[in-house]
Amino acid sequence: MVLEKRDKMQIKCVLVGYLQANCYIVTQQNKAVLIDPGDEPEKIESELQGLELVGILLTHSHFDHIGALSYFEEKYRLKHNNKIKNFDYETIETPGHSKDSLTFYFPKEKVMFTGDFLFQGTIGRMDLPGGNEIEMQESLEKIKKYEDDIILYPGYGPSTTINKEKPRFSYYF
Ligand SMILES: [Zn+2]
């Protein structure tokens, strides 16, 4: 399913695993970046036809986001979260759901991939190992400072915007 065409970048979402996590394929011309290859490598790979896989980004290392990671790292000789040529993005540390939670921000297209940190209408759970309420509050404060019309693509469920989510932040604690 093609979700969004912002400028030349295209974003596809593939639902993977029994939890139906969002795996994103971000493409520019014929180059593709995978975000959170959670499971079902063949299903993901079938969406990569005609594209050159140039990078893998992981929002965090929970099992439902990394199930197909080693498949792609080994087959395409890539290492996740290494710098990716031709793709312009910023890595923001957003712990709270897990210690290693990252948000990837593509400023030209104004899109963010938030993993399990921030969803439409809710935030990530904080009761798993590495979860932390204070860090979550700090991460939300950080994200608040970005522009309102940035689209958020979470690890589960539909996309949203900073504008829509921001008013709820103070009710989560
Ligand atoms: Zn998680």
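The values are calculated or read from the model by the stated rules, or taken from the named source; none is laboratory data. As the structure is a computational prediction, the values presented were derived from the model and not from experiment. Quick reminder, even Gly has a Cβ in these numbers, built from the backbone with ideal geometry, and neighbours come from all protein chains shown. Ligands, DNA and RNA are excluded from the accessible area calculation, which covers all protein heavy atoms including side chains. Shrake-Rupley method; radii C 1.70, N 1.55, O 1.52, S 1.80 Å.
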Within the range 136-151, can one find any residue that is open to solvent by 10 Å² or more (accessible area, probe 1.4 Å), closer than 26 Å to V54 by Cα and either away from the ligand (no atom under 16 Å from the Cβ) or modelled with pLDDT of 95 or more (or both)? yes
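Right, G131: on the phi > 0 side of the Ramachandran plot, modelled with pLDDT of 95 or more and part of a loop (DSSP other than H, G, I, E, B) or not?
No.
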The conditions are (1) without any contact (Cβ under 8 Å) to a residue 40 or more places away in the chain; (2) more than 16 Å from the ligand (Cβ to nearest atom), and K99 fails exactly one of them. Which is it? (2)
Taking interchain pairs and intrachain pairs at least six residues apart, which have beta carbon atoms under 7 angstrom, with the first residue in the range 72-91 and in contact (Cβ under 8 Å) with a residue 12 or more places away in the chain and at positive phi and the second assigned to a loop (DSSP other than H, G, I, E, B) and open to solvent by less than 60 Å² (accessible area, probe 1.4 Å)? N81/L58
Across the range 149-173, what is the number of residues that are without any contact (Cβ under 8 Å) to a residue 60 or more places away in the chain and assigned to a strand (DSSP E or B)? 3
Residue hits (the range 128-173; over 15 Å from D100 (Cα atoms) and acidic (D, E)) are E141, E147, D148, D149, E165
Only one of (1) within 15 Å of the ligand (Cβ to nearest atom); (2) open to solvent by 40 Å² or more (accessible area, probe 1.4 Å); (3) over 16 Å from the mean Cα position of the chain (by Cα) fails for G130. Which number is that? (2)
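Which residue out of K110, K75, K83 is more than 13 Å from the ligand (Cβ to nearest atom) and touching a Lys or Arg at 6+ places or on another chain (Cβ under 8 Å)? Steps first, please.
Numbers: K75 fails: touching a Lys or Arg at 6+ places or on another chain (Cβ under 8 Å); K83 fails: touching a Lys or Arg at 6+ places or on another chain (Cβ under 8 Å).
Residue meeting the stated conditions: K110.
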